[in-house]
Structures are given as C-alpha cells and as structure tokens.
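The values are calculated or read from the model by the stated rules, or taken from the named source; none is laboratory data. These numbers were taken from a predicted model, which means no experiment stands behind them. Every residue, glycine as well, gets a Cβ built from its backbone with ideal geometry; the counts of neighbours run over all protein chains shown.
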Amino acid sequence: MVQNIRKSGGIGKNSCYQQYPLCACCLEEQTPCIASGLRFHLFTTYPQTKVYFKNFKNMDTLEEMQVHPGIQMHGKRVMGALNHVIENLNNWDVVSSALTDLAKRHQDVHEVEVNNFQLLFLVILSVFKEALGAQFTPGHRKSWEKLFSITYNFLDSQYTKSDSK
C-alpha cells in the first residue's frame, strides 16, 4: 500500500494539510455546515444509507436531520478519523491500524457494505466544496480524491480479507 502511494506521486499530503485546517475550522465554528452536513447530505443524496443508522432511520424531514445531535456527533467522528489519517500519513502503520479497525467495526458490527465509504467520500467532497467555495481548488480536490481512493482501496482489501476467513 505504501508503494502504491509512492507510485501515484503521493497523495498530496501538503495539499490536504493546507486544506484540512480550513475544513476543521468549519467543523468547529460551523458544526451544522460540516458535521451534520456530512450525514444530512449522505441521507438526502443516498437515502439508502439511513438503514445503517438505527437512530436515524425514521427521520424524513430535512429539519429533523439538520438539528439531530446524533447526526452532528457522527459527522464529528468522521472528521476526527479523517484528521487522524492525515496527521499520520508519514506513519503507515498507524494509518493502516486505524483503517483496519474501522473496516472491521463497520463490516462486523454495523454490517455496512464497503461501497458506502465511496458514497461518504463523494459527500465529503461535496460538503467541502459547498462550505469552502473557491477556497476548495481543483488541486485540493485532486489531493482529497487521491487520499479517498487509497483509503477506500485499503478498506476494501480489509473487507476482502475478512470475507475470506
């Protein structure tokens, strides 16, 4: 996996690092913008994903989704996990351990299909673009897409390993 990162020319760590504080700032200052925005956009764009969230299944109105504290908390956890990956891009052991745990928990406990991570990554890109506007440049988007591609491929490999046991 580390060699895949090197072959692809890196994942734009500096670009992610430069952009992430902007995103984290929105997370802290505009929680509805990013944290609940992730789930809100996920549920409205991909309503089939609500089945994985037992507390959110019966929410149908946009107003309910926008103010639900559980949605905001999960959005913060997602951003926290993303931050952990970015902070440790130079230490693949830390990243792979965190992603392995994430894959195991989502596959075995929550029974979430791996393709849902791709949907989440698309939503994150959309929310960043909406929240940051012109500050979210095509170069930043490309760096995030590389990061999400590598992350997804690793998660998928962990699901595959688990399936073969």
- Among Leu132, Leu147, Leu82, which is the only one that is more than 20 Å from Phe40 (Cα to Cα) and of a type outside the set (Lys, Arg)? Leu147
- Message: So, Lys146, is that one within 14 Å of the chain's Cα centre (by Cα) and farther than 23 Å from Lys50 by Cα or not?
- Response: yes
- Query: Of the residues Phe128, Phe53, Phe40, which is surrounded by fewer than 19 Cβ atoms within 10 Å (Cβ to Cβ), aromatic (Phe, Trp, Tyr), modelled with pLDDT of 75 or more and farther than 18 Å from Asp156 by Cα?
  - Reply: Phe53
- Message: Which condition from (1) modelled with pLDDT under 85; (2) under 22 Å from Lys146 (Cβ atoms) is the one that Val94 breaks?
- Response: (1)
